[in-house]
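Each remark here refers to the structure printed beneath this line.
The values are calculated or read from the model by the stated rules, or taken from the named source; none is laboratory data. It should be emphasised that the depicted structure is a prediction, and the values quoted were computed from it without experimental measurement. Cβ atoms come from the backbone with ideal geometry, glycine included; neighbour counts cover every protein chain shown.
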Amino acid sequence: MALLDVATAGLLLAGIVLAVPVVVLLVEIVSALAFSSPQRRRGDAKPRLAVLVPAHDEALVITETLLNIRDQLSPGDRLLVVADNCTDATTEIAENLGAEVVRRTDTTRRGKSYALDFGIRHLASNPPDVVIIVDADCALDSGCLPTIGKEAYETGRPVQAHYELLAPAESPPPRVGIAVFAAKVKNYLRALGFYNIGLPCQLMGTGMAFPWGAFSKVDLNSGELAEDLVLGLDLARAGIPPMFCPTARVTSRFPVSEEGSQTQRARWETGHLTTITRRVPLLLSEAITSRNWPLFALALDAAVPPLALHAMALAVFGVASLIWALLTGVTSPLILAAAIAAAFTIAVALAWQSVGRDNITLIELARAPAYAISKLSLYAQILKGKHISWIRSKRD
């Protein structure tokens, strides 16, 4: 009997662990849809901006991005491109468009975080008021850079623009609709939900504005696959948690090729899941001990796994609870599984109704767990601690 109680308690504990990110997800989605975004009155400050563009072999896409950035800069602002281990015409294109270019060559320490650190050290000799990081394949809505630059300068906090990932304009790879929907939930609805109730947001890798002093509080040179996620958590630990700016938008597109799309998602999910398993429990403990509630909120948000994996984990727990109920007659885990599944279903349904209907049908959405199953080998590698190095996504 004691063994039965222990096994049941273990199953209930697993359910509680799964329930926490579901509750966080539901709170974020409901907050995004039920509350209005607070309006912050901006002053007349005109900070000196430096836009930093890390670029590794981006000759196919960087021209439009640099032209877009250049149109939003004022006299005295700077546009810096870090040509990171480039073997194509990225450097020449950037120089011809009037950008300041620094070349970085280091074939052993590869990844975006190293390029960002290199660029910040270059700017340190004549630091701007605000540094804005923009990826080389992005488009900016009108007024995006001045908006987030002023917000960062006046609040003294990092600012994340609304970052929207779009499907390729032509020949989208299979299942890209699921990826687009998941990105809208993560990068917009969840961030907006926390913003509406006064909580910080995760950094998303592009469209990020930093007051210059923020860089003295963190180590950019991390080499992490999810360098943006880790950077946001580190800034929250330092007392300057990032804030969301829903009125400024940056967009980019998923790669056209299936290979490129898979590489990109594998890199993101590997970095995210590695952060969940290795950092989040310690950060939650630290946040409680130090009463750093913005860090606590961000760590909870970081604990929410990718939607497809989340759905698959809940399905596995539900089946295990059903089998346990049939074998032992103990139904408490099954009741918990049903409650968690209902909350998750409500959250996803609300999100789909709000931002997903144009990208994915309900039938495609229902196939998300099967999509996660196709990536079981990747998840197994992550859980085993296998190192997955940074690889640039194929653009074409």
Check your understanding: For residues in the stretch 123-154 being over 22 Å from the mean Cα position of the chain (by Cα) and more than 12 Å from PRO47 (Cα to Cα), which is surrounded by the most Cβ atoms within 10 Å (Cβ to Cβ)?
Key -> LEU123
Exercise for review: State whether one or more residues within the stretch 262-272 are buried (at least 18 other Cβ atoms within 10 Å of the Cβ), part of a helix (DSSP H, G or I) and either among the aliphatic types (A, V, I, L, M) or modelled with pLDDT of 80 or more (or both).
Suggested key: yes
Review point. Taking helices (runs of 4 or more DSSP H) that do not extend beyond the stretch 117-224, which have at least 3 residues that are over 19 Å from ILE240 (Cα atoms)?
Key: 144-155, 176-184
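Yes/no matrix, rows are residues, columns are (1) touching a residue at least 60 places away in the same chain (Cβ under 8 Å); (2) assigned to a loop (DSSP other than H, G, I, E, B); (3) surrounded by 20 or more Cβ atoms within 10 Å (Cβ to Cβ):
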residue	(1), (2), (3)
GLY10	no, no, no
VAL20	yes, no, no
LEU33	yes, no, no
LYS46	yes, yes, no
Review point. In the set ILE29, ILE93, which member is outside the structural domain of LEU298 (by TED's automatic domain parsing) and of a type in the set (Val, Ile, Thr)?
Key: ILE93
Review point. Restricting attention to the stretch 73-81, does a residue exist that is part of a strand (DSSP E or B), crowded, with 24+ Cβ neighbours inside 10 Å and at pLDDT 95 or above?
Key: yes
Review point. Within the stretch 83-90, can one find any residue that is farther than 26 Å from ARG40 by Cα and in a helix (DSSP H, G or I)?
Key: yes
Review point. Which one of these does ARG40 not meet: (1) outside the structural domain of THR107 (by TED's automatic domain parsing); (2) of a type in the set (Lys, Arg); (3) surrounded by 14 or more Cβ atoms within 10 Å (Cβ to Cβ)?
Key: (3)
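Taking into account only those residues within the stretch 48-63 that are closer than 15 Å to CYS138 by Cα and touching a strand residue (DSSP E or B) at 6+ places or on another chain (Cβ under 7 Å), which is surrounded by the most Cβ atoms within 10 Å (Cβ to Cβ)?
Keep residues of the stretch 48-63 that are closer than 15 Å to CYS138 by Cα, which gives 51-63.
Still in the list and also touching a strand residue (DSSP E or B) at 6+ places or on another chain (Cβ under 7 Å): 51-56, 62.
Details: VAL51: 25, LEU52: 23, VAL53: 27, PRO54: 26, ALA55: 29, HIS56: 20, ILE62: 25.
It comes out as ALA55.
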Exercise for review: With the condition kept exactly as written, say whether any residue in the stretch 294-311 is assigned to a helix (DSSP H, G or I) and either hydroxyl-bearing (Ser, Thr, Tyr) or without any contact (Cβ under 8 Å) to a residue 12 or more places away in the chain (or both).
Suggested key: no
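This table checks each residue for (1) surrounded by 15 or more Cβ atoms within 10 Å (Cβ to Cβ); (2) modelled with pLDDT of 90 or more; (3) more than 20 Å from LEU189 (Cα to Cα).
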| position | (1), (2), (3) |
| --- | --- |
| ALA308 | yes, no, no |
| ALA320 | yes, yes, yes |
| ALA339 | no, yes, yes |
| ASP358 | no, no, no |
| PRO369 | yes, no, yes |
Check your understanding: Got a number for residues in the stretch 92-123 being touching a residue at least 24 places away in the same chain (Cβ under 8 Å) and in contact with a Gly (Cβ under 8 Å, 6 or more places away or on another chain)?
Key -> 5
Study note, to complete from the structure: Among ARG70, ARG103, the single one that is in a strand (DSSP E or B) and among the basic types (Lys, Arg) is ARG103
